[in-house]
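Trainee: Quick one: this structure, given as structure tokens, is what I'll be asking you about.
The values are calculated or read from the model by the stated rules, or taken from the named source; none is laboratory data. None of the values given here were measured: they were computed from a predicted structure. Cβ sites come from the backbone with ideal geometry, for glycine too, and all protein chains shown count toward neighbours. Calculation scope for accessible area: heavy atoms of the full protein, side chains included, ligands and nucleic acids excluded. Shrake-Rupley method; radii C 1.70, N 1.55, O 1.52, S 1.80 Å.
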Amino acid sequence: MPLFRPTPLVCRQRLWHSILLDLRKRGLGHRESGGFLLGRRTENSRSIEAFIPYDAIDPNALQGYIVFDGSKMDQVWQECRKLGLQVVADVHTHPSGFVGQSNMDQENPMLPERGHIAIIIPNFAAQLSMPGEIGIYEYRGRDGWADHSAKATKFFKIKGGFLW
């Protein structure tokens, strides 16, 4: 039983589309890519309002898989202060249709803070992936990770319209 009710994510469709396109381009169709999702937290939700790709902060982050230099987090916090936002989640791609967490994912949360959300996009973001087709995991500190993927359509809301 969770200690607290996880707060759902909300993202405009146009922004989600843009993030997925960026992930696809950065991954070049054969390597993982990812980044930090910035936004605002309220008691009832986390709104995604901006995206910072890992390799925009750490040019060596994309090595087939993701290896982000944590000493560069000060640049992430600086961008958050500049925009008046905070990190509300992270997102990265996996090969094929795999949206589960790898051992590396589980052992190395991008933000090791209880309640942090990690999203996994299948097929190196080769196509539009919406809630229900992605992995959504909540970091619980020493208690590991909670998997919200099965209830993704309730946990992650996409708002508005766009064409793929």
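Trainee: Tell me which of these Ile119 doesn't satisfy, since it passes every other one: (1) surrounded by 16 or more Cβ atoms within 10 Å (Cβ to Cβ); (2) modelled with pLDDT under 95.
Mentor: Status for Ile119: all satisfied but (2).
Trainee: Please go through the stretch 35-54 and pick out each residue that is without any contact (Cβ under 8 Å) to a residue 60 or more places away in the chain and within 22 Å of Leu128 (Cβ to Cβ).
Mentor: Gly35, Leu38, Gly39, Ser47, Ile48, Glu49, Ala50, Phe51, Ile52, Pro53, Tyr54
Trainee: Continuing with the same structure: If you check every pair at least six apart or on different chains, which have Cβ atoms under 9 Å apart with a residue in the stretch 65-85 that is open to solvent by less than 70 Å² (accessible area, probe 1.4 Å) first and a residue that is basic (Lys, Arg) second?
Mentor: Sorted first by the residue in the stretch 65-85, then by its partner, the pairs are Ile66/Arg31; Gly84/Arg40; Leu85/Arg40.
Trainee: Which residue, of Ser96, Ser129, Ser102, Ser33, is open to solvent by 60 Å² or more (accessible area, probe 1.4 Å) and polar (S, T, N, Q)?
Mentor: Ser96
Trainee: When you look at Arg114, is it surrounded by fewer than 20 Cβ atoms within 10 Å (Cβ to Cβ) and assigned to a strand (DSSP E or B), yes or no?
Mentor: Spelling it out, it is not the case that Arg114 is surrounded by fewer than 20 Cβ atoms within 10 Å (Cβ to Cβ) and assigned to a strand (DSSP E or B).
Trainee: For the stretch 11-34, name all the residues that are touching a strand residue (DSSP E or B) at 6+ places or on another chain (Cβ under 7 Å) and either at pLDDT below 95 or of a type outside the set (A, V, I, L, M) (or both).
Mentor: Listed by number, the residues that qualify are Cys11, Arg12, Gln13, Trp16, Asp22, Arg26, Gly27, Arg31, Glu32, Ser33, Gly34.
Trainee: Sticking with this structure for a sec: Test of understanding: among Ala50, Ala150, which residue is over 16 Å from Ser33 (Cβ atoms) and modelled with pLDDT under 95?
Mentor: Values: Ala50 fails: modelled with pLDDT under 95.
Of the residues listed, the single one that is over 16 Å from Ser33 (Cβ atoms) and modelled with pLDDT under 95 is Ala150.
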